[in-house]
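Contents: one structure, followed by commentary.
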Amino acid sequence: MTSDSPRPIHPGEILKEDFLPEYGLTPGSLAKALLIPRDRMEKIVRGQRDITADTALRLGRYFGTTAQFWINLQSNYDLLVADQRFHDDIEQIAPHKTAA
């Protein structure tokens, strides 16, 4: 990852900064609406827990988005974090030469 690469933003941060205030929710009230444990949602908004397929389906239903939206946020975050962590190793891999 280069210095001008974007900072990985956990989907919980997006949920906390963009969705909760707009809908007047707390992590606890959202957890109740989604029928999930409060602790799970609190960990998600703190960036300590990933958004699973189950949670993505629930968020999509509640907010009128798609589950794919939430899964994509999680996948993008995971890739950016992995790129930061393994960038030097990945750069040492020689790409496969294709036949011309």
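Coordinate-derived values only; no laboratory data. Keep in mind it's a predicted model, so treat the numbers as computed, not measured. We place every Cβ from the backbone using ideal geometry, glycine too, and count neighbours over all the protein chains shown.
Quick notes
- Nearby lysines by direct alpha-carbon distance to K16 (threshold 21 angstrom, same-chain neighbours under 8 apart not counted): K32, K43
- Three-way shape label, region 38-100, alpha-carbon gyration tensor, a/c 1.5: oblate
- Charge context of T26, other residues only, Cβ under 12 angstrom, K/R +1, D/E -1: +2
- Tensor-based shape of region 13-66 (alpha-carbon gyration tensor, a/c under 1.5 rounded, otherwise prolate or oblate): rounded
- Taking the Cα centre of the chain as origin and assigning +1 to Lys and Arg Cβ atoms and -1 to Asp and Glu Cβ atoms, the resulting dipole is close to 500 debye.
- Pairwise centroid distance, computed over Cα atoms, of region 1-58 with region 70-100, Å: 24
- Per residue, the average separation of C-alpha pairs within less than 8 Å and at least 6 apart gives the chain a relative contact order of 28 percent.
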